[in-house]
Amino acid sequence: MDYQAYLLRVIADELGLRPAEQIAQQPGMRAVYRLTIRYHDSRSYDSVATLSRYVTDSPRLEIAYRGLFNRKPLTLPVEQEQFDAFAGVLLKLRFDHLPDQRNIPAYGVDLWMLERAAGGFSKSIILAPKLAQDVHAGLIAAVQEHLPEAVKEVWR
């Protein structure tokens with residue numbers, strides 16, 4: 001899993017994005033969720049989608065694509081209900097206590113890294129959507145249902 005974590009973390013680094021746990025420590029930040037997607041076959045641009053919620057503002061989703069828009073993220077508003085529904089599903093699935101998905105091959109599959117950060121806490125899970133089962137499949141479904149913009153592929 002270390003190699004897979006490296007492959008995913010380097011995407012945000014190359015885009016010049018701050019780590020989710022750093023964003024979460026900003027004054028007034030309530031929570032940060034981040035989804036990093038790496039396409040194994042380069043059919044689409046790798047992406048990092050960061051969902052953040054300040055105490056005084058509406059939630060927003062910033063999506064940056066590796067190789068597009070000069071490393072500038074697209075910013076989309078997110079309804080509070082949408083944010084709450086997504087956060088609620090992760091809480092129900094006990095995201096903070098889940099391990100990485102098991103038996104992910106070293107190559108040949110798309111990879112996701114789903115992160116949650118709040119205050120000084122952070123947690124990340126590595127997933128292979130096509131191979132996910134049980135609770136990990138529930139995480140994939142939660143993202144696809146509540147944050148479809150975060151998983152939209154931008155074809156090369």
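Every number in this text was worked out from the coordinates using simple rules, so none of it is lab data. For clarity, every value in this text was computed on a predicted model and none was experimentally measured. Positions of Cβ are backbone-derived with ideal geometry, glycine not excepted, and every protein chain shown enters the neighbour counts.
Side notes on the structure shown:
- Listed by chain and number, the lysines whose alpha-carbon sits under 23 Å from that of Lys123, ignoring those within fewer than 8 places in the same chain, are Lys92.
- The protection proxy used here, the mean number of other Cβ atoms lying within 10 Å of each residue, ranks peptides 123-132, 2-11 as follows, highest first: 123-132, 2-11.
- Within the straight-line cut-off of under 12 Å between alpha carbons, the aspartates and glutamates reachable from Lys130 are Asp110, sequence neighbours fewer than 8 places apart in one chain being disregarded.
- Gap separating the Cα centres of region 1-50 and region 68-99, nearest whole Å: 12
- Selected from Ala87, Tyr39, Ala142, residue furthest toward positive end of dipole (region 26-156; charges at beta carbon): Tyr39
- Cut-off 12 Å between beta-carbons: net charge of the residues surrounding Arg43, Lys and Arg +1, Asp and Glu -1: -2
- The chain, dipole about Cα centre (Lys/Arg Cβ +1, Asp/Glu Cβ -1), debye to the nearest 20: 200
- The order of Thr50, Thr36, going from fewest to most other C-beta atoms within 10 Å of their C-beta, is Thr50, Thr36.
- Shown for the chain is the translational diffusion coefficient from the Stokes-Einstein equation, using the Kirkwood radius over Cα pairs, a temperature of 4 °C and a viscosity of 1.567 mPa s: 83 µm²/s.
- Mean separation of Cα contacts under 8 Å (6+ apart) over length of region 2-151, as relative contact order %: 26
- Sum of -39500 (n - 2.57) over DSSP H runs of 4+, divided by residues of the chain (222 nm, nearest 500): -8500 deg cm²/dmol
- Sites listed here are chymotrypsin sites (Phe, Trp or Tyr not before Pro) in region 84-156 whose DSSP assignment is loop and whose Cβ has at most 13 other Cβ atoms within 10 Å: Tyr107.
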